[in-house]
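**Q** Here it is, the structure in full.
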Amino acid sequence: MKIKRILVSQPEPAAGKSPFFDLAEKNNLKIDFRPFIHVEGIPAKEFRKTRTQILDHTAVIFTSRTAIDHFFRICEETRVTVPDSLKYFCISEATAFYLQKYIVYRKRKIFVGSGRFNDLVDLMKKHKEENYLFPLSDIHKPEMPQSLEKAKLKFTKAILYKTVSSDLSDLKDVNYDLLVFYSPSGIKSLMQNFPDFEQNDTRIATFGPATAKAVEDAGLRLDVNAPIPEAPSMTMAIDRYIKMNKGEK
């Protein structure tokens, strides 16, 4: 079957500019966006049960804006006043600048990495005397805390938010030719929302080896895989697939 309708399991791009819009125009496609997963904060009551004392720490590690939002949320909900002396170690400039939403940026000690977690760890090694708090999602890369352990840094993991499946019941009778996924959590959401899902002629596209494996583990067929040398982006991989299957009706 020819691909005419695509569902991307992510929020619609806010800027109005996306390679998906160019793909749609080029191939006369109808592309919809719908997040299959969303983030929910861990309630303060649940956080208290971990006995994690925020004020016992002298520095905090941020790898995303979401982590920043939930750190300050949990501080507010547990009535913790964040001290001016707290140091912030951010994975990138964009993450660091986001702190301005909550603190007076120029008056705080903020350390910024290059975008790679290992580079941030190297920076933190120069501050081994700190006691770090590491806000995380319930689903996170285990390599990150492992890197901190290997560097012999003193830190506490703080699970402040979790990734949960969104309610997709309104899509029950909507048919798409191609479903696009970027995380194993998206595949999990698909199967939770539609336990009787039968793939049949529906194509599935994934980004990254972990998501591809999740498709396989769910007993589904993977049709489009990215990144590959010929198609380093998802839209390029889909465009390539459409070209290779132009003869389909």
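The values are calculated or read from the model by the stated rules, or taken from the named source; none is laboratory data. Bear in mind the structure is a predicted one, so any value in this text is a computation, not a measurement. Please note: Cβ atoms are built from the backbone with ideal geometry, for glycine as well, and neighbour counts cover all protein chains shown. With ligands, DNA and RNA removed, areas are computed over all heavy atoms of the protein, side chains included. Shrake-Rupley method; radii C 1.70, N 1.55, O 1.52, S 1.80 Å.
**Q** Condition first: farther than 15 Å from residue 58 by Cα, among the basic types (Lys, Arg), surrounded by fewer than 18 Cβ atoms within 10 Å (Cβ to Cβ) and modelled with pLDDT of 95 or more. Can you find one or more residues in region 82-92 that meet it?
**A** no
**Q** Having 1 or more residues that are charged (D, E, K, R) and under 24 Å from residue 41 (Cβ atoms) is the bar; report the helices (runs of 4 or more DSSP H) wholly within region 65-142 that clear it.
**A** 65-77
**Q** Of the conditions (1) closer than 23 Å to residue 21 by Cβ; (2) part of a helix (DSSP H, G or I), residue 204 clears all except one; give me its number.
**A** Condition not satisfied by residue 204: (2).
**Q** A follow-up question, please. So which residues in region 1-39 are more than 25 Å from residue 167 (Cα to Cα), in contact with a strand residue (DSSP E or B) (Cβ under 8 Å, 6 or more places away or on another chain) and in contact (Cβ under 8 Å) with a residue 40 or more places away in the chain, if there are any at all?
**A** Hits for region 1-39 are 3, 23.
**Q** Does residue 179 count as at pLDDT below 95 and either open to solvent by less than 40 Å² (accessible area, probe 1.4 Å) or on the phi > 0 side of the Ramachandran plot (or both)?
**A** Criteria not met by residue 179.
**Q** Please go through region 160-175 and pick out each residue that is touching a residue at least 60 places away in the same chain (Cβ under 8 Å), open to solvent by 30 Å² or more (accessible area, probe 1.4 Å) and either touching a Ser or Thr at 6+ places or on another chain (Cβ under 7 Å) or in a helix (DSSP H, G or I) (or both).
**A** Residues satisfying the conditions are 162, 163, 165.
**Q** Within region 186-200, track down each residue that is assigned to a helix (DSSP H, G or I) and open to solvent by 20 Å² or more (accessible area, probe 1.4 Å).
**A** Within region 186-200, 188, 191, 192, 193 meet the criteria.
**Q** Test each condition in (1) touching a residue at least 12 places away in the same chain (Cβ under 8 Å); (2) under 21 Å from residue 149 (Cα atoms); (3) not charged (D, E, K, R) for residue 53 and report the one that comes out false.
**A** The number of the failed condition is (1).
**Q** Tell me the residue from 243, 152, 249 that is in a loop (DSSP other than H, G, I, E, B) and modelled with pLDDT under 95, please.
**A** Exactly one of 243, 152, 249 is in a loop (DSSP other than H, G, I, E, B) and modelled with pLDDT under 95, namely 249.
**Q** Considering only region 122-136, state which residues are open to solvent by 10 Å² or more (accessible area, probe 1.4 Å) and either aliphatic (A, V, I, L, M) or at pLDDT below 95 (or both).
**A** 123
**Q** Give region 201-242 a look and list any residue that's surrounded by fewer than 16 Cβ atoms within 10 Å (Cβ to Cβ), out of contact with any helix residue (DSSP H, G or I) (no Cβ under 8 Å at 6 or more places or on another chain) and closer than 18 Å to residue 6 by Cα, or say none.
**A** Matches in region 201-242: 201, 240.
**Q** Residue 42 fails exactly one of the following numbered conditions: (1) buried (at least 16 other Cβ atoms within 10 Å of the Cβ); (2) touching a residue at least 24 places away in the same chain (Cβ under 8 Å); (3) in contact with a helix residue (DSSP H, G or I) (Cβ under 8 Å, 6 or more places away or on another chain); (4) closer than 14 Å to residue 102 by Cα. What is the number of that condition?
**A** With respect to (1) buried (at least 16 other Cβ atoms within 10 Å of the Cβ); (2) touching a residue at least 24 places away in the same chain (Cβ under 8 Å); (3) in contact with a helix residue (DSSP H, G or I) (Cβ under 8 Å, 6 or more places away or on another chain); (4) closer than 14 Å to residue 102 by Cα, residue 42 is out only on (4).
**Q** Can you confirm whether residue 13 is outside any helix (DSSP H, G or I), closer than 28 Å to residue 238 by Cα and open to solvent by less than 90 Å² (accessible area, probe 1.4 Å)?
**A** Criteria met by residue 13.
**Q** Just to be sure, is residue 33 at pLDDT 95 or above and more than 20 Å from the chain's Cα centre (by Cα)?
**A** Details: at pLDDT 95 or above: yes; more than 20 Å from the chain's Cα centre (by Cα): no.
Taking the combined requirement at face value, the residue does not satisfy it.
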